[in-house]
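See structure below.
What follows is calculated from the coordinates using simple rules that are stated; it is not laboratory data. Source: prediction; values computed, not measured. Every residue, glycine as well, gets a Cβ built from its backbone with ideal geometry; the counts of neighbours run over all protein chains shown.
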Amino acid sequence: MPRVMQETSKRYLHTGKTIGFVPTMGALHEGHLSLIRRAKSENDIVVASIFVNPLQFGAGEDLDIYPRDLEKDLDKLRELDTNILFVPGDKIIYPEGFATRIAVERLSDRLCGRFRPDHFSGVATVVCKLFNIVKPARAYFGQKDFQQTVVISRMVEDLNMDVEVVICPTVRESDGLAMSSRNVYLGAKERLAATVLYKALSSCSQMMAGPSTPNEVKKKLLEMLSAEPLVSEIQYAGIYDPATLLEIDEFKQRNLIAAAIKVGGVRLIDNVMAEYHK
Ligand code: AMP
């Protein structure tokens, strides 16, 4: 049992302190650190966790090779004055006999869920456990994983969890590529080609300033992504309702432009939120 973390959180709560929580899988970059900074600015105590959650990886995915560098992560967290780092082992989170899963229906099956069938159930299950252990007032997630924020917000609401879900902007490299621990998988040529994703998403969001339809914007998105020779697969690309994650044929006030592609063998996701004014 992760008693020490749980008891520590209880002690803080008893003294009236608020806990801000940033769950991660480690190999920390500026994206993660932006969440920590935000959490620090809004809470008395900041807890970060590093746990590469086996439940959210499918067969044939990168669980065994996922980048891990605890020493470097510790340095970065120390620099930000993070109060507590929680790094549970697999057996602490999933002891012998563990038998419970959280399923956030429908939302988990859309977008990335079509290609990663058990992924969001794995995410929801571990986040629920981490919330129960860490007992945060607020938990911080990146917009980069937009569907994850929707699934977690739904779970929090449906299960009456007393946690505020705070969604923070995507942090990007100077050429626009969304930071991700998995970007280290990209070779030099693929790294260059990967910039097509944000370029395509941002030109499509600019298209919405003029007269256009979701269909036209989607066509442009697919054209731009397909024009990059190193894009080996487009898993999905389109304009979605940010609340339901369903594709739309008429613009709403807020529109999610999102895509998942493979560059070489590396899967990349990204999204932008675009406002539409008639
Ligand atoms: P991960 O370690 O990939 O599970 O990510 C942990 C948290 O950091 C999640 O809430 C992610 O959405 C968030 N995150 C990852 N990359 C970025 C980024 N480039 N900008 C902002 N947040 C991010």
Honestly region 181-275 on the Cα gyration tensor test (a ≥ b ≥ c root eigenvalues; a/c under 1.5 rounded, otherwise a/b vs b/c for prolate or oblate) is just prolate
Could you work out the relative contact order of the chain? I mean the mean sequence separation of Cα pairs under 8 Å and 6+ apart, divided by the number of residues, in percent.
17
Remind me, relative contact order of region 40-119 in percent, using alpha carbon pairs under 8 angstrom and six or more residues apart?
47
Long-range amide H partners of Gly238 with built H, under 5 Å:
Ala258
Residues with amide H under 5 Å from that of Glu164, placed H, sequence gap 5 or more
Arg138, Ala139
Cα to Cα, under 19 Å, and not fewer than 8 places away if on the same chain: which lysines meet these conditions relative to Lys262?
Lys144, Lys189, Lys199, Lys218, Lys219, Lys220
Taking only complete DSSP H runs, can you tell me which helices of the chain stretch 15 Å or more along their own long axis by Cα positions and average at least 0.5 on the Kyte-Doolittle scale?
119-134, 196-207
Given H placed 1.01 Å from N in the peptide plane, which residues other than close sequence neighbours of Ser49 have an amide H under 5 Å from its amide H?
Val22, Thr24, Phe86
For region 1-92, build the charge dipole from Cβ charges (+1 Lys, Arg; -1 Asp, Glu) around the Cα centre, then report which of His32, Pro88, Val4 sits farthest towards its positive end.
Val4
Which of the residue pairs Lys10/Lys72; Lys40/Lys76; Lys72/Lys129; Lys91/Lys129 have a Cα-Cα distance greater than 20 Å in the structure shown?
Lys10/Lys72; Lys72/Lys129
Starting from 0.36 nm per residue, how many nanometres of slack lie between Arg3 and Arg101 once their C-alpha separation is accounted for?
33.2 nm
Where does the charge balance sit around Arg254 when Lys and Arg score +1, Asp and Glu -1, over other residues with C-beta under 10 Å from its C-beta?
-1
Rounded, prolate or oblate: which fits region 1-63, taking a ≥ b ≥ c as square roots of the Cα gyration tensor eigenvalues, rounded meaning a/c under 1.5, else prolate when a/b beats b/c?
oblate
Using only helices, what value at 222 nm comes out for the chain when you add -39,500 (n - 2.57) per DSSP H run of length 4 or more and divide by the total residues, to the nearest 500 deg cm²/dmol?
-11000 deg cm²/dmol
Zero-based 10 Å bins, Cα pair distances in the chain, whole percents
6, 27, 35, 22, 8, 1
Net +/- balance of residues flanking Ser9 in space, Cβ distance below 14 Å, scoring K and R +1, D and E -1:
+4
Taking the Cα centre of region 1-91 as origin and charging only Cβ (+1 Lys, Arg; -1 Asp, Glu), how large is the dipole, in debye to the nearest 20?
480
Listed residues Phe98, Val123, Asn160: farthest to the positive end of the dipole of region 44-184 (Cβ charges):
Asn160
Quote the convex hull volume per residue of region 54-190, based on C-alpha atoms, as a whole number of Å³.
153
How much FRET efficiency would the formula 1/(1 + (r/R0)^6) give for Arg254 and Lys189, where r is the Cβ-Cβ distance and R0 is 22 Å, rounded to 0.05?
0.05
Can you give the FRET efficiency to the nearest 0.05 for Thr213 and Asn132, using r as the Cβ-Cβ distance and R₀ = 45 Å?
0.50
Check: the chain dipole with +1 on Lys, Arg Cβ and -1 on Asp, Glu Cβ, in debye:
300
The local net charge around Lys278, scoring Lys/Arg +1 and Asp/Glu -1 for residues other than Lys278 whose Cβ lies under 12 Å from its Cβ, equals -1
Relative contact order as a percentage, region 181-275, C-alpha pairs under 8 Å and 6+ apart, gives 30
